[in-house]
1. Based on other C-beta atoms within 10 Å, arrange 251, 109, 79 from fewest to most.
2. What ranking do 291, 198 get, fewest neighbouring Cβ atoms within 10 angstrom at the top?
3. Between residue 349 and residue 361, how many nm apart are label points set 7 Å from Cα along the C-beta direction?
4. How high is the relative contact order of the chain, given as a whole-number percent (alpha carbon pairs under 8 Å, six or more residues apart)?
5. State the label only: which of [x] 22.2; [y] 22.9; [z] 25.7 corresponds to Kirkwood radius over Cα pairs in Å computed from the shown model?
6. Sorting 145, 164 on the 10 Å Cβ count, fewest up front, what's the list?
7. Which value in nm describes the separation of the simple spin-label points at residue 368 and residue 284, placed 7 Å from the Cα toward the beta carbon?
8. Measure out, as a whole number of angstrom, how far apart the alpha-carbon centroids of the range 184-215 and the range 250-285 sit.
């Protein structure tokens, strides 16, 4: 009897072990996050309180939470994964405004990722490939948001991103999305993008990207879905030599506007914008580094620079505006593990005069920015 009971127990234990072995393994979640705060002092205060030509930052000499991110990566099998990121703070609120939403908590990433051999397909909401500066300042070099990241470029897109690697060095990309910085489709047209990517001998820190985009961008559905069309050509890259890094970006944007949309213009009008940025960084050691950044944005109608309220009140969406904005930044960074502190001097220029809070005219602003932050991840 005892032998029989022992045999049954062994069989039961073996069956239970077999069942447990057949259960799928638990999800291996990978958490990541970051937060950063900054304060800016400028010698001209604007009416709305933002820093001049830096509408993503307050210029009222306040130190505040600029942004934070919390994300998780979820593997769903050998080829599939899910990725989601939440963004809050001032940048989260701006992301919501760009998307036509309200609140201060945005979702810059929420996508399925399929990887098979040389192909990677992303489906959902994702960061844009345009530009070199990360919105997450813990992953960026400067202490302030640059002209290129602020005016010519979108934050992200919703749609498809397909990349095929032909070799370790060369890849192509195809994008199909429903407009820039938009959660919901707003017309019957789509934006199509094509890209050519070069990674020097497969290195992730030595690359050049060439991209072209074209699509319908009107604010509501119209017959043919081409009531307003935006076209752009982008080129950016980065090269690292030991402790030295250089990054650059070029952007050309053309957008058509219907009659009546642009002041002082007759009939349909086409706006053109050109931007260029150059960033150099040198790390003296793992703790200390310094950087310099120079940027220029030209906007013939003020249709992109008008996101700055001070510029918009004087020259936004006007034929003959012919605006040119320039910025130069010089900064130093100190790192301690995943935490950092940056101090930056920045000068911004506009080729036309505007008014400050006290009614004085000016064209240039000098500013000091202090930025602190940290990141974490598994």
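1. 79, 109, 251
2. Taking fewest neighbouring Cβ atoms as first place, the list is 198, 291.
3. So the two model labels end up 1.8 nm from each other.
4. Numbers: 994 pairs, mean separation 53.7, N = 378.
RCO, the chain: 14 percent.
5. Identified label for the calculated read-out: [y].
6. 164, 145
7. Computed distance between label sites residue 368 and residue 284 equals 1.9 nm.
8. Taking the Cα centre of the range 250-285 as reference, the centre of the range 184-215 is 18 Å away.
Each value in this text was obtained by applying a stated rule to the coordinates, not by laboratory testing. Keep in mind that what you see is a predicted model, and the values were worked out from it rather than measured. Glycine gets a Cβ as well: all are built from the backbone with ideal geometry, and neighbour counts include every protein chain shown.
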